[in-house]
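The values are calculated or read from the model by the stated rules, or taken from the named source; none is laboratory data. Values in this document were obtained by computation on a predicted structure and should not be read as measured data. Cβ placement follows ideal geometry from the backbone for every residue including glycine, while neighbour counts extend to all protein chains displayed. All accessible areas refer to the heavy atoms of the entire protein, side chains included, with ligands and DNA or RNA removed. Shrake-Rupley method; radii C 1.70, N 1.55, O 1.52, S 1.80 Å.
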Amino acid sequence: MKILRVTAIALCTASIAASAQTIQVNKENRTISVTATDKVTAIADIATVHVGFIAYGPDSDAAYANGSRTSNAIMKALTSAGIPSASIESENQSLAPVQNYQVEKLTDAEKAQRQFQVTQSWTVRTGANDAAKVLDLAVKAGANQSGQIDWSFKDENAPEAQAAAKALQRARSQAEQMAASLNAKLGGLLYASNEVQASPIRPMMMRAMAASPAMEKVQPLAINPRQIEKSATVTAIFAIE
């Protein structure tokens with residue numbers, strides 16, 4: 001998408017405020033102002049994996065005990081695999097009665113075993129190529145409410161700078177064409193500003209995965225890092241000679 005704006009010779013004076021500086025636009029200071037947008041697409045190198053579980057019990061003590069076993073099993077599985085504790089952050093945890101609507105389709109015997117529930121979740125920050133491994137470890141340890149993955153970059157500034165640089169180059173090219181159409185020569189850059197946006201990241205969800213002895217032989221899910229698009233819109237003001 002291109003947005004062009006030309007400021008030609010003016011008989012009256014105007015000013016463009018930019019942070020601490022003010023650029024005068026008048027007949028002695030001829031300028032061309034261009035707004036251009038460009039983008040870059042790069043493969044994410046960081047994955048933030050959301051893992052969690054829900055455990056039940058006939059009373060609060062039993063539910064808490066079941067939750068404690070699952071909680072510690074998940075943490076042990078992750079840390080034993082070499083994932084630093086600092087990369088594992090708690091999101092939420094709760095112990096609460098089960099609401100009637102949650103068990104209305106169960107038998108009376110099943111309802112009796114699901115009077116209370118414990119839920120807990122974490123985020124695990126890891127390299128993008130290790131996302132499947134982290135998810136696999138957690139699920140096999142009992143994380144039956146897991147699967148959302150947020151993709152990002154180690155250095156968020158790098159793709160943003162690339163997008164801004166491409167947008168500025170596009171703006172200069174457009175300004176050169178406009179200057180030529182005015183029988184003028186494009187001068188130096190007087191001012192530039194940019195706005196960077198990332199495309200929405202669609203999370204991958206997976207729910208209610210129950211661990212069992214047979215799961216030990218199951219291979220991790222095939223998960224590939226996402227491509228993230230960064231776009232930048234640059235407004236640049238050039239002098240014309």
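Annotations
- Residues that are in contact with a helix residue (DSSP H, G or I) (Cβ under 9 Å, 6 or more places away or on another chain) and either surrounded by fewer than 20 Cβ atoms within 10 Å (Cβ to Cβ) or at pLDDT below 55 (or both), drawn from the stretch 213-225: M215, E216, V218, Q219, P220, L221, A222, N224, P225
- Filter pass, L135 being of a type outside the set (K, R), buried (at least 18 other Cβ atoms within 10 Å of the Cβ) and in a strand (DSSP E or B): no
- Members of the stretch 144-159 found to be in a loop (DSSP other than H, G, I, E, B) and open to solvent by 20 Å² or more (accessible area, probe 1.4 Å), listed by number: N144, Q145, Q148, K154, D155, E156
- Any hit, the stretch 160-181, residues being out of contact with any His (no Cβ under 7 Å at 6 or more places or on another chain), without any contact (Cβ under 8 Å) to a residue 12 or more places away in the chain and not in a helix (DSSP H, G or I): no
- Among the residues making up the stretch 100-125, those that are within 30 Å of D150 (Cβ to Cβ) and at pLDDT 95 or above are Q117, V118, T119, Q120, S121, W122, T123, V124, R125.
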